[in-house]
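Worksheet: the structure to be examined is printed underneath.
Nothing in this text is a laboratory measurement; each read-out follows from the coordinates by a stated rule. Keep in mind the model is a prediction, meaning the values are calculated, not measured. Note: ideal-geometry Cβ built from the backbone for every residue, glycine included; neighbour counts use all protein chains shown.
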Amino acid sequence: MKFLHCADLHLGGAGGQERMRAFLRMLAFAKREGVGVLLVAGDLFDAPRVDERTRRTVMEAFAGNPSLCVMIAPGNHDPLVAGGNYDGAMPANVYAFGGEWSCAEIPAYGVRVWGAGFTAERMPPFAPARKRLRLTEGLYDLGVLHGDLASPGARSDYRAIAREEIAQTGLGYLALGHIHARSPVQRAGRTLYAYSGCLQGAGFDEAGEKGAYLGTVKGEDVELAFVKLCGSMTLEKTLNVDGCGSLTEVAARYDHKIGRQEEHRVKLTLTGSPKGFAVDADALLRLLAGRALEMRIEDETRPEADLAKTAREDTLRGAFVRRMLDRIGRAQERGEDPAVAREALRLGLEAFEGEVTRHVD
Ligand SMILES: [Mn+2]
């Protein structure tokens, strides 16, 4: 039995057409792969009631794959409210969870899906109902929820849930939504859980590959694999401008190192020290017009004059810069690539400014 976990599609909102294309691409993928259950972990729609055309396109697409059971846990953007997206006729294969943690059995696929939805734009922390349910033996338990993974007792208006509580659900897999960045698949007790992240990024803050988790249930086990389903992406690129004597040279280096990315957004970070001029980011944007769908430049370059000035400081920072410039100079004399020493200089300077962030996967 295969299932697909997606979240935060925000259909009917900004970047609408692209988000809709990713949604339709996902349904085509589900059909091709023979996926039985689609877990939508909230914010399928961008608003409690989106425009009629968007809603109709979505419902008709679901109806077009009647063997796919669509299990929706409404999120803070698309809560289950009167007059909302989930009020009124929906295809027979689509189900939206209400505010309380409950389950629906799908014996044809050998699974039971647990979930709870937002019924307002803010929701209290996760609280499973203590009702005794008569459950069918032998079904595999999946869950779908929109909420904030938080430490116990942490404040959040978005249905806080702690790892300990995930473990207590006893599920095989919990599909989470709300956080637009994908998380790896993690474990709490015997329960695996993950944020799939949004299906399609629409801005510079949603970088990298976006898609869904494809799950395969085999007896007591579940396997998960990320599937890229997005169209355009935001690519985070860094360009070192050391030695460039003009903006034209910077643009030429861009073309050589990064090249055309016409289907994607590029978030370009400039580093290093240009020779004898300061980078004008707006002018560079104009020079690079057409290289990307959209571009944003973060200028982290340091004029050489600044470096020379810092090297004269009678401070620890000054001593560090002198030493690194010396190392770069010696590497160049030996005909070696000073890239490592330059990177060390850059990171060291950031450390002096308290700006170093380590990215741990
Ligand atoms: Mn959300």
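Once the dipole of the chain is set up with Lys and Arg at +1 and Asp and Glu at -1 on Cβ about the Cα centre, which of G34, A63, L235 lies farthest towards its positive end?
Ranked along the dipole, the leading option is G34.
Give me L239, L293 ranked fewest to most by other Cβ atoms within 10 Å of their Cβ, as a rough exposure proxy.
By the 10 Å Cβ count, ascending, the order reads L293, L239.
Alpha carbon centre of region 127-182 versus region 2-26: separation in Å?
Taking the Cα centre of region 2-26 as reference, the centre of region 127-182 is 23 Å away.
Extending each Cα 7 Å along its Cβ direction at K2 and R122, get the distance between those two points in nm, one decimal.
With each label point 7 Å from Cα toward Cβ, the separation is 4.2 nm.
Listed highest first by mean packing, meaning other Cβ atoms within 10 Å per residue, what order do 127-136, 157-166, 247-256, 310-319 come in?
Answer by packing, highest mean first, reads 157-166, 247-256, 310-319, 127-136.
Once each part is reduced to its C-alpha centroid, what is the distance from region 47-124 to region 255-315 in angstrom?
46 Å
Using a cut-off of 25 Å between alpha-carbon atoms, which lysines can reach K210, once sequence neighbours fewer than 8 places away in the same chain are excluded?
Correct list for K210: K2, K31, K228, K237, K257, K267.
What is the order of R342, R25, fewest Cβ neighbours within 10 Å to most?
Taking fewest neighbouring Cβ atoms as first place, the list is R25, R342.
So what is the relative contact order of region 171-220, in percent, for Cα pairs below 8 Å that sit 6 or more residues apart?
31 percent
Points 7 angstrom from Cα along the Cβ direction at R296 and K228: gap in nanometres?
Going by the 7 Å Cα→Cβ label model, 2.1 nm.
Given R₀ = 56 Å, FRET efficiency for R317-A92 by Cβ-Cβ distance, to 0.05?
For R0 = 56 Å, the calculated efficiency reads 0.25.
Using 15 Å as the cut-off for backbone N distance, which residues of region 102-118 belong to the label zone defined by a point 7 Å from the Cα of E137 along Cα→Cβ?
Correct set: none at all.
Quote the FRET efficiency, to the nearest 0.05, computed for A305 versus E236 with a Förster distance R0 of 25 Å and r equal to the Cβ-Cβ distance.
The pair A305/E236 has a calculated efficiency of 0.30.
Counting pairs of alpha carbon atoms under 8 Å apart in space and at least six apart in sequence, what relative contact order in percent does region 1-147 give?
About 23 percent, as a whole number.
Beta carbons within 10 angstrom, averaged per residue: use that to sort the peptides 65-78, 37-50, 325-338, highest first.
Peptide ranking by packing, descending: 37-50, 65-78, 325-338.
Starting from the 7 Å offset along Cα-to-Cβ, what nm value, one decimal, do you get for the label separation of K31 and L347?
Reported label-point gap for K31 and L347 is 4.9 nm.
Expressed as a rounded percentage, what relative contact order does the chain have, with Cα pairs under 8 Å and six or more residues apart?
So the answer I get is 12 percent.
Using 1/(1 + (r/R0)^6) with R0 = 41 angstrom and r between the beta carbons of D221 and D326, what's the FRET efficiency to the nearest 0.05?
0.10
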